[in-house]
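*Asks:* One structure follows; several queries about it will come next.
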Amino acid sequence: MSVEMQVDVYGIPELQGKMEYFDETMRGFVDQALNYELKAMQDTAQYFAPKRTGYLARTIFVERVREWAFKFGARAPYAAFVEFGTRFMKPRRFLSRALQSGMPSLVQAVNRAIDQAISEASMR
């Protein structure tokens, strides 16, 4: 199930201008915040990854899927076995630990970016 909402503003040109500016500004601020925090999470996962040769850590990636959506993982063929373990090996959670430790900071950064966009839009 999905919910859609549309807001149309008519009759107040300066409010329309602020709404358009807010949209562009908010996207820019949130995009910057996401890029910074996602890079930090990638670095954290690389730090947590076990390193015999360093290959696993070098294959850790963050990809933007859509505007505010991303993929986070490792391309090494054995990455899932390291992350989740096997019956012979305990899990060594490098990706989920990085996500867990970085998510509060990411949420705070996005909230700050939205607040900054709101304050800039209101000053226009």
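The values are calculated or read from the model by the stated rules, or taken from the named source; none is laboratory data. Computed from a prediction, not measured in an experiment: that's the story for all the values here. Cβ sites come from the backbone with ideal geometry, for glycine too, and all protein chains shown count toward neighbours.
*Asks:* Counting just the residues of region 71-81 that are under 23 Å from Val30 (Cα atoms) and surrounded by 11 or more Cβ atoms within 10 Å (Cβ to Cβ), which one comes out modelled with the lowest pLDDT?
*Replies:* Looking at residues that are under 23 Å from Val30 (Cα atoms) and surrounded by 11 or more Cβ atoms within 10 Å (Cβ to Cβ), I get Phe72.
*Asks:* When both residues are 6+ apart or on different chains and their Cβ atoms are under 7 Å apart, which pairs have a first residue that lies in region 62-82 and is more than 18 Å from Pro50 (Cβ to Cβ) and of a type in the set (Asp, Glu), and a second that is modelled with pLDDT of 80 or more and assigned to a strand (DSSP E or B)?
*Replies:* That search, which allows pairs on different chains as well, returns Glu63/Phe70; Glu63/Lys71.
Residue-by-condition table, conditions (1) exposed (fewer than 15 other Cβ atoms within 10 Å of the Cβ); (2) farther than 24 Å from Met26 by Cα; (3) not acidic (Asp, Glu):
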{"position": "Lys51", "(1), (2), (3)": "yes, yes, yes"}
{"position": "Ala57", "(1), (2), (3)": "no, yes, yes"}
{"position": "Phe61", "(1), (2), (3)": "yes, yes, yes"}
{"position": "Ala69", "(1), (2), (3)": "yes, no, yes"}
{"position": "Glu83", "(1), (2), (3)": "no, yes, no"}
{"position": "Phe94", "(1), (2), (3)": "no, yes, yes"}
{"position": "Arg97", "(1), (2), (3)": "no, yes, yes"}
{"position": "Ala109", "(1), (2), (3)": "no, no, yes"}
{"position": "Arg112", "(1), (2), (3)": "yes, no, yes"}
